[in-house]
Amino acid sequence: MNTQNTPVHIRLWHREFWLMAFSSLLLTMSVYILIPIMPQWMMTTENFSAEETGLAMGAFALGLYFFGAPCSWLVQHYRRNVVCMRAIVVVALTMGLLWYIDSLRSEFIEFWVVLVQRLAMGAAFGLAQMVLSSTLIIDTCESFQRTEANHSASWFARFALSLGPLTGILVYMHWGFSGVVLCAMGLAVASLLLVKMISFPFRSPEEGIHVMSLDRFFLTHGYILFVNLLLVTIVVGLLMAQPREALFYALMMGGFLLALLSQRFVFRDAELKSEVVTGLILLLAALLILLVYPTSPVAPVLVGLGVGIIGSRFLLFFIKLSRHCQRGTSQSTYFLGWETGLSLGIGMGYLFFNDQPESLLYTALSLTVTALLMYHLFTHSWFVRNKNR
């Protein structure tokens, strides 16, 4: 497999698929909408230090793994759509806790409360998205459409990386932090309603399912891809830890759209290795531009273009690496690599590089070069040797 295309099947885009794709978009936006606003609220309104803010934002990454091991058991012993909806309800409730905290303006909140809130939000969000991507989307598609379904649905969640923060900044300008939290809750509830509109047939639970397992959780033999993806998304998280204008995220969205078009036309029959290498070079170029010209309109476009190409290709790599009946596990592993890196990058940005934009960018450059060398010298050839599809 030197080149690879994802075919387009019009029949894939049925009502249920549209609903699930938009549900994933809205749920992810509800979490990402807090990224540019919540840290500033913690430091200015609640008087937390930059170190405490970084720890709280990074704690989200730890929460993602809380329901990973029992995910398969939960899906088998309870209706899978109900598990997803209840997890989304918990996401909305954790956001409601933020609104309640913000309404207590007469007193400062303890740090551990916000830390627990971030952990709980990460746990609920992780479970909801793992069930959505590894079970619900796959189960409503024909077997020959599932790769395209995973690929297409992931783009909706990827768009949230720009649309979420963009919405948060715009809402904050008019309605403050409370408005942002209420908007996040509204997006989560809308995501819940979209899942509720879909009818999922009942399935009898399989026998011999262990309460704790790696099924639908982590693809152990894909750890090389996981680490390589983690390096890239930490860089993106570092960039998002710096104060950005709404225009930055709008231009990033333009980069995502260019990435989508480039995959269909520019890389249609290109050598498989070219996509990730090109994406990492574009990300390097964006970081260098930001060092020289921090307000450049070109840099966020290159970030979106590079990250879009890299993320989409790595998802397909995880699918190709999975063995029989491990497609759902590959989806969850990709999701964990993406979200863990973002959360760690944001946390590191405030913990180590608050008000030090140059140091942050030099660190991001180092990580990007490391990711590029790792992929070029080792990861790609390792993948070609170990792929199963």
Scanning the range 320-347 residue by residue, those among the aliphatic types (A, V, I, L, M) and either over 17 Å from the mean Cα position of the chain (by Cα) or farther than 20 Å from L64 by Cβ (or both) turn out to be L321
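Looking at the range 72-114, which of the residues that are of a type in the set (A, V, I, L, M) and surrounded by fewer than 16 Cβ atoms within 10 Å (Cβ to Cβ) is farthest from the chain's Cα centre (by Cα)?
The residue in question is L104.
For every residue, the table says whether it meets (1) among the small types (G, A, S); (2) open to solvent by less than 20 Å² (accessible area, probe 1.4 Å); (3) modelled with pLDDT under 95; (4) over 25 Å from L62 (Cβ atoms).
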site: L260; (1), (2), (3), (4): no, no, yes, yes
site: S274; (1), (2), (3), (4): yes, no, yes, yes
site: I281; (1), (2), (3), (4): no, no, no, yes
site: A299; (1), (2), (3), (4): yes, yes, no, yes
site: L315; (1), (2), (3), (4): no, yes, yes, no
**Message:** Taking the conditions exactly as written (among the β-branched types (V, I, T), closer than 24 Å to S23 by Cβ, assigned to a helix (DSSP H, G or I) and open to solvent by less than 20 Å² (accessible area, probe 1.4 Å)), does T147 satisfy them or not?
**Reply:** no
Within the range 194-217, of all residues that are in a helix (DSSP H, G or I) and within 21 Å of the chain's Cα centre (by Cα), the one farthest from L247 (Cα to Cα) is V195
Cβ pairs under 7 Å, 6+ apart or interchain, first in the range 92-103 and within 12 Å of A184 (Cα to Cα), second β-branched (V, I, T) and assigned to a helix (DSSP H, G or I), ordered by first then second residue, are A92/V189; M95/V181; L98/V181; W99/V181
Here the residues within the range 24-36 that are closer than 16 Å to T94 by Cα and either of a type in the set (S, T, N, Q) or in a loop (DSSP other than H, G, I, E, B) (or both) are T28, S30, I33, L34, I35
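The values are calculated or read from the model by the stated rules, or taken from the named source; none is laboratory data. These figures come from a predicted structure and were not determined experimentally. Cβ atoms come from the backbone with ideal geometry, glycine included; neighbour counts cover every protein chain shown. The accessibility values were calculated without ligands, DNA or RNA, using every heavy atom of the protein model including side chains. Shrake-Rupley method; radii C 1.70, N 1.55, O 1.52, S 1.80 Å.
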